[in-house]
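Reading through the structure tokens given below for one structure.
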Amino acid sequence: MDRPDAEPGIDTLAVHAGAEPDAATGAVSPPIVQTSTYAQDGVGRPRGGYEYARTQNPTRERLERAVAALEGGTRGIAFASGSATTAVLAELVAPGEEIVVGDDVYGGTYRFFETVARPRGIDARYVDLAGDPERALAQGLSGRTRLVWFETPTNPLLKIVDIATVSAAAHAATGARGRAPLVVVDNTFASPAGQQPLALGADIVFHSATKYLGGHSDVVGGVAVTSDEEVAARLRFLQNAVGAVPGPFDCWLVLRGIRTLAVRTERHAANAAAVAAFLASRDDVEWVRFPGLASGPHAHPQAALAARQMRLPGGMVSFVPRAGGRRGRSARDRAVAVCESTRLFTLAESLGGVESLIEVPAVMTHASVTGSPLEVPAALIRLSVGIESAADLVADLRAALDDA
């Protein structure tokens, strides 16, 4: 991994980063260091620097190294959940300062900014960064802006934000503390196998490790990555002070998931492309959003940007069925009927696992944005396309749409 003449590809990094054989035994599967504290060699002389498991844990360190390597960063900091990662990143902002946020984000992110951060004096302003980001930031940034925060692809509308353009515009501005705002990218939907925001100019990238990094719907976690040493030191301090750290077994589960990340995401993307093409062929579908859909009436408006910015278009597809169908239902009622009748797509929140999931965001993952400018269409269906047979997934959706 340290050979100066060869830069490992993402496939190699996924298998080997953070997963070096155990130094003591040579175990190829890294051990889980399940402990809460460590014996010290003397008063004030911790062995190898290990004092207490909230502060340091070898299994957690492996995970942090792995995600940092995958993202092309120098420092990874792991947390107990994606939401805990959001909360700690928000601690970079002081009362009286503000966060400029993309106008399509996970409902839990909006909920945190509005019900936790805002009452503490931290303002969040929501702008469309997917249309004309330079104009949006020219109007949206101020001398109080500490962070520019966005997802790409966004959740659940799958907008694509030009990371390089936003980063350049933010870094050319003067924000809070007389410094350029930090650019924070939630890379959960793409995964580091799909894109690397730090290479495009972002300062911090983070993941809900629950999703594609873990990949098996059996663990909850979050990870932030940066190459800014000042930011890394602050996040490391907050990680310890706040204490929202993942347990060793959870870290090990994510590490195990990461080892197949590259091959899984390729299958996710291929299956999502097949599902999107099928949906786009249906007369009873109002619109489809998939970053890899580049032609036809449902072509993604930013497909060219997605192709430039992303290695893979991801495994997420969103669509809205037309009103009508064989039962004459409203679009919303058809959406509910589809979600409740699929057999392979499981009706559930979350995403990024090997199994396919289906949901209605308006009343599930994004219920908290109801009545706000970020409200999502009531009839929107979000698919997390798994790694099953593409033909089987298409057949499942065909039967559900035909019956709805």
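Bear in mind these aren't lab numbers, they're just calculated from the coordinates by the rules spelled out. Everything numeric in this text was worked out from a predicted model, so none of it was measured. Please note: Cβ atoms are built from the backbone with ideal geometry, for glycine as well, and neighbour counts cover all protein chains shown.
Please label the shape of the range 247-295 as rounded, prolate or oblate, based on the square roots a ≥ b ≥ c of the eigenvalues of the alpha-carbon gyration tensor (a/c under 1.5 means rounded; beyond that, a/b larger than b/c means prolate, else oblate).
Judged from the Cα gyration tensor, the range 247-295 comes out prolate (a/c at least 1.5, a/b above b/c).
Which cross-chain or sequence-distant (5 or more) residues have an amide H under 5 Å from the amide H of Glu359, H modelled 1.01 Å from N in plane?
Arg382
Residue by residue through the range 54-64, which ³J(HN,Hα) values in whole Hz follow from phi under the Karplus form 6.51 cos²θ - 1.76 cosθ + 1.60 (θ = phi - 60°), with glycine and proline marked x?
With coefficients 6.51, -1.76 and 1.60, one gets 5, 8, 9, 8, x, 5, 5, 4, 4, 4, 5 Hz.
For the range 72-149 and the range 331-404, what is the separation of their C-alpha centers, rounded to whole Å?
Rounded to whole Å, the Cα centres lie 27 Å apart.
Over the chain, with a Gaussian network built from C-alpha contacts below 10 Å, which listed residue (Glu64, Glu97, Glu229) shows the highest mean-square fluctuation?
Glu229
Scale the Cα Rg of the chain by the rule-of-thumb value 2.2 N^0.38 Å and send over the ratio, two decimals.
The reported ratio for this selection is 1.00.
For the chain, take the longest principal axis of its alpha carbons; what is the angle in degrees between that and the long axis of helix 331-341, to the nearest 10 within 0 to 90?
Helix 331-341 and the main axis of the chain meet at about 70 degrees.
Would you pull out the residues with amide H under 5 Å of Val223's amide H, same chain only if 5 or more places away, H placed 1.01 Å from N?
Amide H to amide H, under 5 Å and 5 or more residues apart or across chains, Val223 pairs with Phe79, His207, Ala209.
Using Cα-Cα distances under 8 Å and only pairs 6 or more residues apart, what relative contact order does the chain have, in percent?
Relative contact order for the chain comes out at 16 percent.
Roughly how large, in nm² to one decimal, is the mean projection of the convex hull of the alpha-carbon atoms in the range 118-159?
Over all viewing directions, the range 118-159 projects a mean Cα-hull area of 3.6 nm².
Take the chain, connect every pair of alpha-carbon atoms lying under 10 Å apart with a spring to form a Gaussian network, then pick out the residue of Thr165, Thr115, Thr86 with the largest mean-square fluctuation.
Per the Cα network of the chain with a 10 Å cutoff, Thr115 tops the list.
So which residue, out of Gly18, Gly131, Gly247, gets the largest mean-square fluctuation from a GNM of the chain using Cα contacts under 10 Å as springs?
Gly131
Hey, if you drop one equal point scatterer on each alpha-carbon of the range 195-311 and run the Debye formula without solvent, what base-10 log of I(q)/I(0) do you get at q = 0.10, 0.12, 0.17 Å⁻¹?
Taking Cα atoms of the range 195-311 as identical point scatterers yields -0.45, -0.63, -1.00.
If you rank Phe249, Phe290 by fewest surrounding Cβ atoms within 10 Å, what's the result?
Least to most surrounded, the residues fall as Phe249, Phe290.
Report the antiparallel proportion of the DSSP beta bridges in the range 10-258 as a percent, rounded to a multiple of 5.
45 percent
Helix 261-280: angle to the longest alpha-carbon principal axis of the chain, degrees 0 to 90, nearest 10?
20 degrees
On C-alpha positions alone, give me the angle between the axis of helix 390-403 and the longest principal axis of the chain, in degrees, nearest 10.
Here the helix axis deviates by roughly 50 degrees.
What ³J(HN,Hα) values, in whole Hz, does the Karplus curve 6.51 cos²θ - 1.76 cosθ + 1.60 give for the range 240-253 when θ = phi - 60°, with x put for Gly and Pro?
Whole-Hz 3J(HN,Hα) from phi for the range 240-253: 6, 5, 6, x, 7, 9, x, x, x, 5, 4, 4, 5, 4.
Ordered by residue, what ³J(HN,Hα) values in Hz, to whole numbers, does the range 125-131 give under the Karplus form 6.51 cos²θ - 1.76 cosθ + 1.60, where θ = phi - 60° and Gly and Pro are x?
3J(HN,Hα) across the range 125-131, in whole Hz: 10, 9, 9, 7, 8, 8, x.
Quick one: which residues, 5 or more positions from Ala124 or on another chain, have an amide H under 5 Å from its amide H? H modelled 1.01 Å from N in the peptide plane, none for Pro or chain starts.
Amide H neighbours of Ala124: Ile99.
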